[in-house]
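K.L.:
Below is a structure I'd like to ask you about.
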Amino acid sequence: MTAASAPSRLSWTLVVPLLGLVTLVLTWGRDLGPVIVAIAALVLAGTVLAAVHHAEVIALRVGEPYGSLVLAVAVTVIEVALIVTLMISGGPETATLARDTVFAAVMITTNGIIGLSLLLGALKYGVTLFNSEGSGAALATVATLTTLSLVFPTFTTSQQGPEFTAPQLAFAALASLALYVMFVLTQTVRHRDFFLPLTPEGEVVETDEHAPRPSGREAGTSLVLLLVALVAVVGLAKVESPAIEAAVAAAGFPHSFVGVVIALLVLLPETIAAGRAALRGRIQTSLNLGFGSAMASIGLTIPVIAIASVWLDGPLLLGLGSTQMVLFAITVVVSALTVVPGRATRLQGGVHLVLLAAFLFLATNP
């Protein structure tokens, strides 16, 4: 079945999201044994694949860059809900959960999603082509959002520790939301052509000729199933979180690695979608997914966390450590060198993936 075909009544793309939702209801708030945890993990993996399918149906219907935006925003909204839920139910160890998860999302998207997409595209096509104007604008927005929200708290002096005061947090939240809205308007209205895929000849591609455009009914059905699948993915990720925390502790990793695992789970649908787009020669779509997810993760998370901090107990530590800031700085430099030419080879993809590997290694061995 192609990405554009409607899910039939017995199709796995219809059954699996509903199964994920049922599994979530049956396992939520219960003590689970190892067998049930394993079954829930398998359902989680299947639901992720179903989410990718329905996201691709929507993307084919609405076209780029709207399709990438739908998935990025949908995943991020539920990621925010997961962070807030864990912070409300958690203890002092959750003070850095928002920072750990958001920064992990930035590193996974800018190095993991983009690096994998460039590598897959270059392996198949030799040289990957994309729009440097749109990608450069997206990178600049990601760098500014991350600096405002995660770097500045380490250097401000009004509050002790890597923490904003209430006015500083409000400013960061409003600035993040404003930047995100400005970018979305640029991407979808004023300069939409900057974010469309390119042919090998450098011409803009309005539609994907590899699959027929789905009908409005098909896209509407997929939108509903995508939302169901995303709720199930994040909910099951929370159900699996005690097992994840136990595994992290058993491995001797710091508790902050829980945020990395959460980000990896939540961003899995976008990673798969970006990889598939790269194999179809739509590298710009992959970059839209990567940078767009990073922007949505910060631009939506920080304002919501700022509001939630009114009733959250304990401090909200957002400032990055020195190792994290070095990784972020080199990521920005390397990303700039990648997007400015508007073309990349497997080398650039490999460099980004090595940076992701360095982040993951240092997250387990700080």
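The values are calculated or read from the model by the stated rules, or taken from the named source; none is laboratory data. Nothing here was measured: the structure is a model prediction, and the numbers come from that model. Cβ atoms come from the backbone with ideal geometry, glycine included; neighbour counts cover every protein chain shown. Quick note on the areas: whole protein, heavy atoms, side chains included, nothing else; ligands and nucleic acids left out. Shrake-Rupley method; radii C 1.70, N 1.55, O 1.52, S 1.80 Å.
K.L.:
Given DSSP loops and a limit of at most 15 other Cβ atoms within 10 Å, what is the longest stretch of the chain that contains no such GluC sites (Glu not before Pro)? Write out the running numbers ahead of the final one.
P.N.:
Working: sites that count: 201, 203, 206, 209.
With GluC sites (Glu not before Pro) excluded where exposed in loops, the chain gives 1-200 as its longest stretch.
K.L.:
Kindly provide the chymotrypsin sites (Phe, Trp or Tyr not before Pro) of region 279-366 that DSSP labels as loop, not H, G, I, E or B, and whose Cβ sees at most 15 other Cβ atoms within 10 Å.
P.N.:
Details: sites: 291, 311, 328, 359, 361; in loops: 311.
Sites meeting the loop and neighbour criteria: 311.
K.L.:
Right, here's the next one. If you build the Cα gyration tensor of region 220-287 and take the root of 5 times each eigenvalue, what three semi-axes come out, in whole angstrom, biggest first? Show your work: numbers first, answer last.
P.N.:
Numbers: eigenvalues 163, 62, 10 Å².
Semi-axes (√(5λ), whole Å): 29, 18, 7.
K.L.:
Another question, if that's okay. Using a 1.4 Å probe on the protein chains only, how many percent of the accessible area of the chain belongs to carbon and sulfur?
P.N.:
70 percent
K.L.:
Next question. Accessible area per residue of region 35-192 at 1.4 Å probe, in Å²?
P.N.:
On the way: 5870 Å² over 158 residues.
With all protein chains present, region 35-192 gives 37 Å² per residue.
K.L.:
Okay, moving on. Please list 3J(HN,Hα) in residue order for region 113-127, calculated via the Karplus relation 6.51 cos²θ - 1.76 cosθ + 1.60 where θ = phi - 60°; whole Hz, with x for glycine and proline.
P.N.:
4, 6, x, 5, 5, 5, 5, 4, x, 5, 5, 8, 10, x, 10
K.L.:
I've got another one for you. Who wins for biggest fluctuation among 25, 234, 304 in a Gaussian network model of the chain, springs between alpha carbons below 10 Å?
P.N.:
Highest fluctuation of the listed residues: 25.
K.L.:
Another one. Per residue, how much space in cubic angstrom lies within the convex hull of the C-alpha atoms of the chain? Walk me through the intermediate numbers first.
P.N.:
Numbers: hull volume 48.0 nm³, N = 366.
Value for the chain: 131 Å³ per residue.
K.L.:
Note down the relative contact order for the chain as a percent, whole number, built from C-alpha pairs under 8 angstrom at least six residues apart.
P.N.:
Values: 555 pairs, mean separation 140.7, N = 366.
Across the chain, relative contact order equals 38 percent.
K.L.:
Right, something else. Relative to the present Cα-Cα distance, how much length would full extension add between residue 340 and residue 81 at 0.36 nm per residue of separation?
P.N.:
Working: separation 259, 0.36 × 259 = 93.24 nm, distance 3.49 nm.
Difference between extended and current length: 89.7 nm.
K.L.:
How much length would be gained if the chain were fully extended between residue 155 and residue 255, taking 0.36 nm per residue of separation minus their Cα-Cα distance, in nm to one decimal?
P.N.:
Working: separation 100, 0.36 × 100 = 36.00 nm, distance 2.37 nm.
Result: 33.6 nm gained on full extension.
K.L.:
With θ set to phi - 60°, apply the Karplus curve 6.51 cos²θ - 1.76 cosθ + 1.60 along region 97-110 and write out the HN-Hα couplings as whole Hz, x wherever there is a Gly or Pro.
P.N.:
3J(HN,Hα) across region 97-110, in whole Hz: 4, 4, 4, 4, 6, 5, 5, 4, 4, 4, 5, 5, 6, 6.
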